[in-house]
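Participant: Input: one structure, supplied below.
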Amino acid sequence: MHNLFCKNIKKVKQQDGSILILATFIVLAISMICVSYWILIKVNTKMIFLKEKNLQTYYAALGGIEDAISEFRNGESWGVGVGFNSRWSHSSGSTYYKSNRPGSPAPLPHFSYPVTITVTVVGDPAIETLNITCQSEINTGNMEYKKTLSANVIRSLSNEVHVVNIGGID
């Protein structure tokens, strides 16, 4: 009887070790699943942030083109050396810009995030198609996001402004 009791104790001790190994593997598997989900959530959050910045730069560039077209419809000249209204700052040649960054001479109050919109106008609207290229730029401190759109604008014989197309360059 004593031998039978000793054999049962040995079996229990052997099973205690296997239960410990099984429990360790279960904890390890659960930890790996948790880390995988954490990485997945982190990647998805980064993708959402990048999508948001992409949309912000796209709509800022589209707004810059619409603003430039509105100025053109109101009869503003986009020529080099021609006096232009104070809502745009002259950069160089036929390039103008607006920004809502501190100290900017041409304010851009429509956006709640720091953005600079640069518009380059090529062509003479009295003779040919006017090509408007707009680049928006958002700087978040450690990253810079840019989007460039282009539009072709013509003035009809009845002096109406028509947008031929708007498309992305990048």
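Taken together, the values in this text are just the output of simple stated rules run on the coordinates, not laboratory data. This one's a predicted model, so the numbers in the text were calculated from it and none came from an experiment. As a convention, Cβ positions derive from the backbone with ideal geometry for all residues, glycine included, and neighbour counts pool all protein chains shown.
Participant: So how do 54-61, 135-142, 159-166, 25-32 stack up, highest first, on mean other-Cβ count within 10 Å?
Facilitator: The most tightly packed comes first, giving 54-61, 135-142, 159-166, 25-32.
Participant: Stretch residue 20-residue 43 to full length: gain in nm at 0.36 nm per residue minus the Cα-Cα span? Could you put the intermediate results ahead of the total?
Facilitator: Numbers: separation 23, 0.36 × 23 = 8.28 nm, distance 3.46 nm.
Fully extending the segment from residue 20 to residue 43 adds 4.8 nm.
Participant: Excluding residue 73 itself, what net charge comes from residues whose Cβ is under 11 Å from its Cβ, given Lys and Arg +1 and Asp and Glu -1?
Facilitator: Net local charge, residue 73 excluded: -4.
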